[in-house]
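Colleague: Here it is: the structure, laid out below.
Read-outs: derived from the displayed coordinates by stated rules, not from any lab. Note that this is a predicted model, so its numbers are computed, not measured. Cβ coordinates were reconstructed from backbone atoms using ideal geometry, including for glycine residues, and neighbour counts include every protein chain displayed.
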Amino acid sequence: MGIGPWRQGTPALRIEKRRRATAVTKEEIRDVFESIAVTRRDFKGRVIDEDGMRAALRKVNLPCSDDMVEELLYQYDRNHDECIDLAEFERYVRGKEKQIAK
């Protein structure tokens with residue numbers, strides 16, 4: 001017997017939705033980042049530029065339109081260097097996962 005429509009907002013259903021959703025692991029985020037990141041002489045460490053961002057977002061099944069890339073830079077590029085480092089990319093992925101899960 002399934003959950004009736006009158007119970008859709010119950011905690012049991014929310015828990016079931018969470019079980020079905022598979023979050024990207026920290027290791028998967030790092031692997032995606034490293035597969036796309038580039039080393040630039042003007043940066044310390046590896047970063048993702050705009051083209052790399054699009055590819056990275058596709059790999060973790062998130063929207064990757066021009067608007068999304070601009071949003072990522074605007075909201076998550078904390079040091080305003082127009083590139084995303086690993087910590088900034090992970091914050092973005094986690095934030096989008098939460099928005100999509102709602």
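Colleague: Kindly establish whether Ala87 is surrounded by fewer than 12 Cβ atoms within 10 Å (Cβ to Cβ) and outside any strand (DSSP E or B). Walk me through how you get there before you give the answer.
Modeller: Numbers: surrounded by fewer than 12 Cβ atoms within 10 Å (Cβ to Cβ): yes; outside any strand (DSSP E or B): yes.
In short, yes.
Colleague: Which residues, taken from the stretch 43-101, are over 9 Å from the mean Cα position of the chain (by Cα) and aromatic (Phe, Trp, Tyr)?
Modeller: Residues satisfying the conditions are Phe43, Tyr74, Tyr76.
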